[in-house]
Structures are given as C-alpha cells and as structure tokens.
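A short worksheet on the structure shown next.
Read-outs throughout are calculated quantities, based only on the coordinates presented, and are distinct from any laboratory measurement. All figures in this text were calculated on a predicted structure; none of them were measured in a lab. Note that we place each Cβ from the backbone using ideal geometry, even for glycine, and neighbour counts take in every protein chain shown.
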Amino acid sequence: MNITSSIQAFEEAQTLIPGGVDSPVRAFKSVGGTPLFIEKGEGAHLYDIDGNAYVDYVQSWGPLIFGHRDEAIENAVCEAVRRGLSFGAPTLSESELAKEVIGIFDSIDKVRFVSSGTEAVMSAIRLARGYTGKDDIVKFEGCYHGHSDSLLVQAGSGLATFGNPSSPGVPADFTKHTLLAKYNDIESVRKCFEDSDNIACIIIEPIAGNMGLVPADKEFLAELRLLCDAHGALLIFDEVMSGFRATLHGAESITGTTPDMVTLGKVIGGGMPVGAFGGKAEIMAKLSPEGPVYQAGTLSGNPVAMAAGITAVRKLRTNAKLYSVLEARAKRLMEGFADAAAKHGIALKTDVRGSMFGFFFNDKPVKNFDDAAASDLERFAAFHAGMLSRGFYFACSQFETGFICTQITDDMIEATISAADDVMGTL
C-alpha cells in the first residue's frame, strides 16, 4: 500500500500545526506509523490522498451512523447552507430538534444545544453546581468528558482522591474539586462521599467509549442513583458517544437507571459539530436567561448543524429494525475476531452495545481502566497496522471504540473477519 502523499502531507502539517494534527489521537502515536490524510468518504469507505480505500469502522468517531455522504443528510445540509451559515438568532430548526430529543429521552424535559461534547459536559457540570449549591464532582478513571480544566485529572495515590491535573496549563485549584473513583467499583464512590459532603454531581459514561468499550454494570449504575439521591447530588450520563449509538432511547432504557441530566453529541449533529445537554425542567430552569447559571455561544443551535441533526434523528426514530441490524453485524464482527484470536492462541476480550463494539488483547474481562491498561498494546498496534494495510480502518488506539454504520454490509463484515484472521496469524 502506497501512502507517500500522506507521509509528505504529515511532514508539512507538522511544520504548521502542533504535532501535525488538530486532535492528538489522530497522530497515530499509540500505534506507530503515519496518519492517513483523507480526501473523501463515501458510504462505508474512506479514501486517502493516495487513492487507497478503507472500510471505515471509525465513522468520524461515531456520528456517521448512516455512513459518509448520506443523501438525506447531505441534502438537508445543502438546503440549510443556501439559507445562510449562521445567524446568531433563534431558528425554528432548534425547536424541531429539541422536540425530537425530548420525545425520545424520558429523562429530558428541556435541552440546550452547544457546539461540542466538551462544551455540553462543561455546561452540565456548571448547571449541576448551580442547582445544588455544591462544588465537588465525582468522575471515573478512564472516562473522558472533554478537555475542560476540571475534567483533565489523574488519580492520586488513594483509591478515591481529589484529582491532580493531568495536563500542564491546568491549575491545581481547578481540579481540587474533582474526586476520582474506579469504574464499576461502588466502594470507591462511597469513599468519595465519605471524603466530601460538598458533591454536586457524579458524571459517568454509562457505556464508556474512551477506554475502549466498557459498559457499566446495571447494579453499579443503580447504586450511583441511590448515592446521589441520599446525598442531594445529581447523576449525569455522558452519552456524547453512546447516545443514539447503543440504543435509540439512551442508556437509561437498557440499564434501568434514570439520570438527572444527559449530555449528547455526535449523532445528533449528523456529522456536523454539535453537542447538547438536557434534563428535568426544574434543573434546566436554573439556566440563563431563565435562571442564574450562565452559558452562551454564538454558534449554539447553528442552523446547518440543526438541519443535519433533525434528519439523522428522524431517520433513526422511524427505522425500527435499524438497531437490531447494526447490533447483529457488530456481534458477528466481534464473534469473528474472537474465533480468529482463539485459532491463533491469542487472548482477546470483546463487547458490543448496539452499533458500538470494542476488543482488547487481554486474557481477563475488562471492567475498568486498570483492566483496559493491562491489555497488550504492542499487539494492538501490530494488529492495527496489519488491518490498515489490508484496507480496514480502525481507531488508532486500544482505548477507543469502533462503530458500525448502515452502509457496512454483511459481506464487508466477513471480509474484515477474514483479514483479521490473516493478521492474527502474524502476531
């Protein structure tokens, strides 16, 4: 496979952009090699600037549930563009998409749109603090909620502790109100409440996608709900990645636990930059201009993004069989990977939630970030390179999730399994 043009493009980009990329994971640092520079996407495929084609299991990190250049979404975007790119004023499309989201999520009475998942989570946490009058938050090791200061934390020496900044440029004063707990470990969360009587909220990916695919246990989420109720804290589900991907009606519909607020993104933009946060009317009433908690954004509810989101969500809502088809293909892919790994004596753990899938080169079940970090990262890097050379594009990190889109066919799944068998035979 010739990627000469991508190599040259990356060399130039590094002289212009820090690291040559506008988001760190794109740099391929965890898997080695050169990131591919993409010219276009079409259906299930990506095409790089050297003309190579790849079956795309990243789908822009999740939002393209209908694949690249879906005709209905593309037409909606083009029509919106012809009316104007941005107004900084209300449009009917904001209310249209809000109605769709509110009608699908039982836990959401009102919703506000923003321009990214980071912004959605940052705003939801501010609202939780304003609503409860408390300052501390609980988050989980391995869950990524965007790059706002209070969420860029790492664990200290204790099981549950106030977080330390995990990036230069983040003052310790910003993270001293962030307590870290271990995913799927309720005792670590109880310890947080023992350490602080000032906790405003727990924020969690109920289906974690940023340490690889690691779903929270139903019993664990139920206990989080009880702890929040007992201590006057809010429970926030971060579904920026899993929302509309794992299931139509959100994690609450398959876990049995109802959050106080939900953050969304990815799919509700149909490929355009968008985020959202919503919850019960009583909580959302604290948000400016209705209440005192301030949040604003010129591009919030951008009409082009709203048009893409309306079309995408309506297509999801009106296609009853879609999720079962996507999940069946994801399960077949992971079953095929597991069989290939077993054939070649390789330890592999897999999981699926709707159109999301994940696999770890690990001989033990993965329940939290420590488990994920114990995976064989060198073997993953070799697998990634082998699949890429055969025309299959997977996330360039062991700690990311894969996605099935509607344009990925059963034949593509079988071809991917066959390639995986070949690659695993070389590991």
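When you have a sec, figure out the Kirkwood radius of region 180-240 from all distinct Cα pair distances and drop it here in Å to one decimal?
11.8 Å
Kirkwood Rh, Cα Rg: Rg to Rh for region 242-309? Walk me through the intermediate numbers first.
On the way: Rg = 13.6 Å, Rh = 13.4 Å.
The Rg/Rh ratio comes out at 1.01.
Given N residues in region 38-186, what is its alpha carbon radius of gyration divided by 2.2 N^0.38 Å? Could you put the intermediate results ahead of the total?
Numbers: Rg = 20.2 Å, N = 149, 2.2 N^0.38 = 14.7 Å.
This ratio for region 38-186 stands at 1.37.
Pop a pseudo-label 7 angstrom from the Cα along the beta-carbon direction at both Ser324 and Ala338 and give the gap in nm to one decimal.
Result: 2.1 nm between the two label points.
Over the Cα atoms of region 330-427, what radius of gyration and what Dmax do you get, in Å?
Computed over the Cα atoms of region 330-427, radius of gyration and Dmax are 12.4, 36 Å.
Of the residues Leu235, Leu226, Leu180, which exhibits the maximal mean-square fluctuation in a Gaussian network model of the chain defined by a 10 Å Cα contact cut-off?
Maximum fluctuation in the GNM of the chain, among the listed residues, is at Leu226.
Relative to the compact globular guide of 2.2 N^0.38 Å, what is the alpha carbon radius of gyration of region 204-336, as a ratio? Each step should come with its number before you reach the end.
Working: Rg = 16.5 Å, N = 133, 2.2 N^0.38 = 14.1 Å.
Against the empirical 2.2 N^0.38 Å value, I get 1.17 for region 204-336.
In debye, nearest 20: dipole of region 72-160 around its Cα centre with unit charges on the Cβ of K, R (+) and D, E (-)?
Dipole of region 72-160, to the nearest 20 debye: 200 debye.
Given 25 °C and 0.890 mPa s, compute D for region 218-268 with the Stokes-Einstein relation, Rh being the Kirkwood radius over Cα pairs; round to the nearest whole µm²/s.
Values: Rh = 11.3 Å.
D = 217 µm²/s.
Could you give the size of the charge dipole of region 224-367 about its Cα centre, using +1 on the Cβ of each K and R and -1 on the Cβ of each D and E, expressed in debye and rounded to the nearest 20? Don't skip to the answer; put the middle values down first.
Working: 17 positive and 12 negative charges, 112 e Å.
Using Cβ point charges on Lys, Arg, Asp and Glu, region 224-367 gives about 540 debye.
Need the full-extension length gain, Ser389 to Ala347, defined as separation in residues times 0.36 nm minus the C-alpha distance. One decimal, nm. Could the numbers behind the result be given before it?
On the way: separation 42, 0.36 × 42 = 15.12 nm, distance 2.25 nm.
Stretched fully, the Ser389-Ala347 segment lengthens by 12.9 nm.
What do you get for Rg/Rh of region 304-352 when both radii come from the Cα atoms and Rh is the Kirkwood radius?
Numbers: Rg = 16.7 Å, Rh = 13.2 Å.
With Rh from the inverse mean 1/r over Cα pairs, Rg/Rh is 1.27.
Show me the ranking of peptides 203-213, 378-388, 19-29 by mean Cβ neighbours inside 10 Å, starting with the highest.
Working: 203-213: 26.9, 378-388: 19.4, 19-29: 14.6.
Per-residue mean Cβ counts within 10 Å order the peptides as 203-213, 378-388, 19-29.
Residues of region 196-234 with the amide nitrogen closer than 17 Å to a label point 7 Å from the Cα of Asp135, along Cα-to-Cβ, please.
Hits in region 196-234 for Asp135 at 17 Å: 196-201.
In region 279-379, what is the volume of the convex hull around the alpha carbon atoms, normalised per residue and reported in Å³?
Working: hull volume 20.3 nm³, N = 101.
Taking the convex hull of the Cα positions in region 279-379, it is 201 Å³ per residue.
Which distance in nm do the two modelled labels at Lys99 and Ala172 give, with both placed 7 Å along the Cα-to-Cβ direction?
5.3 nm
Calculate one ³J(HN,Hα) per residue across region 68-85 by plugging θ = phi - 60° into the Karplus curve 6.51 cos²θ - 1.76 cosθ + 1.60, and present them in order as whole Hz with x for glycine and proline.
After applying 6.51 cos²θ - 1.76 cosθ + 1.60, I find 7, 6, 4, 4, 5, 5, 4, 5, 5, 5, 4, 5, 5, 4, 5, 8, x, 7 Hz.
Modelling each spin label as a point 7 Å along the Cα-to-Cβ direction, I'd like the Arg190/Asp109 distance in nm, to one decimal.
Going from the Arg190 label point to the Asp109 one covers 3.3 nm.
As an exercise, use a Förster radius of 45 Å and the Cβ-Cβ distance of Glu39 and Lys218 to find the FRET efficiency, rounded to the nearest 0.05.
On the way: r = 44 Å, r/R0 = 0.97.
Computed FRET efficiency for Glu39 and Lys218: 0.55.
Please list the non-local residues whose amide H lies under 5 Å from the amide H of Ala251, H modeled 1.01 Å from N, same-chain partners needing a gap of 5 or more.
none
Net charge around Gly336, counting only other residues with Cβ within less than 14 Å of its Cβ (Lys, Arg = +1; Asp, Glu = -1)?
On the way: positive: Arg329, Lys331, Arg332, Lys343; negative: Glu335, Asp339, Asp410, Asp411, Glu414, Asp421, Asp422.
Result for the neighbourhood of Gly336: -3.
Test of understanding: extend the Cα→C-beta vector of Ser253 to 7 Å, then name every residue of region 63-98 with backbone N under 20 Å from that spot.
So the set is 63-67, 96-98.
Charges at C-beta only: +1 for Lys and Arg, -1 for Asp and Glu. How large is the resulting dipole of the chain about its Cα centre, in Debye rounded to 20?
Numbers: 37 positive and 54 negative charges, 125 e Å.
Dipole size: approximately 600 debye.
On a straight-distance basis, which aspartates and glutamates could pair with Lys286 in a cross-link, Cα separation under 14 angstrom, same-chain partners fewer than 8 positions away excluded?
Those aspartates and glutamates meeting the cut-off are Asp109, Asp260.
For a 19 Å ceiling on Cα separation, which of these pairs sit above it: Lys280/Lys367; Lys29/Lys139; Lys321/Lys367; Lys139/Lys349; Lys139/Lys367?
Values: Lys280/Lys367 30 Å; Lys29/Lys139 26 Å; Lys321/Lys367 30 Å; Lys139/Lys349 25 Å; Lys139/Lys367 16 Å.
Violating the 19 Å limit, Cα to Cα: Lys280/Lys367; Lys29/Lys139; Lys321/Lys367; Lys139/Lys349.
Return the Rg/Rh value of region 136-277, two decimal places, where both radii are evaluated on C-alpha atoms and Rh is the Kirkwood radius. Let's see the in-between values first.
Numbers: Rg = 14.6 Å, Rh = 15.3 Å.
Reported Rg/Rh (Cα atoms, Kirkwood Rh): 0.95.
State, in angstrom, two size descriptors of region 14-81 derived from its alpha carbons: Rg to one decimal place and Dmax to the nearest whole number.
Here Rg and the maximum Cα pair distance are 14.2, 41 Å.
Divide by every residue of the chain the summed helix terms, -39500 (n - 2.57) for each DSSP H run of at least 4, and state the resulting mean residue ellipticity at 222 nm, rounded to the nearest 500 deg cm²/dmol. Provide the component values of the computation, followed by the final result.
Numbers: 14 runs with 159 residues, N = 427.
Theoretical 222 nm ellipticity from helices: -11500 deg cm²/dmol.
How many percent of Cα pairs in the chain exceed 26 Å?
Values: 50539 of 90951 pairs.
Tail of P(r) above 26 Å: 56 percent of Cα pairs.
For the chain, set up a Gaussian network in which alpha carbons nearer than 10 Å are linked by springs, and say which option among Ser95, Ser355, Ser242 fluctuates the most.
Most flexible of the set in this elastic network: Ser95.
Per residue and in Å³, how big is the convex hull formed by the alpha-carbon atoms of region 1-115? Before the final figure, lay out the partial values.
On the way: hull volume 20.3 nm³, N = 115.
Looking at region 1-115, the number lands at 176 Å³ per residue.
Determine the distance separating the Cα centre of region 241-291 from the Cα centre of region 98-136; give it in Å without decimals.
Here the answer is 7 Å between Cα centres.
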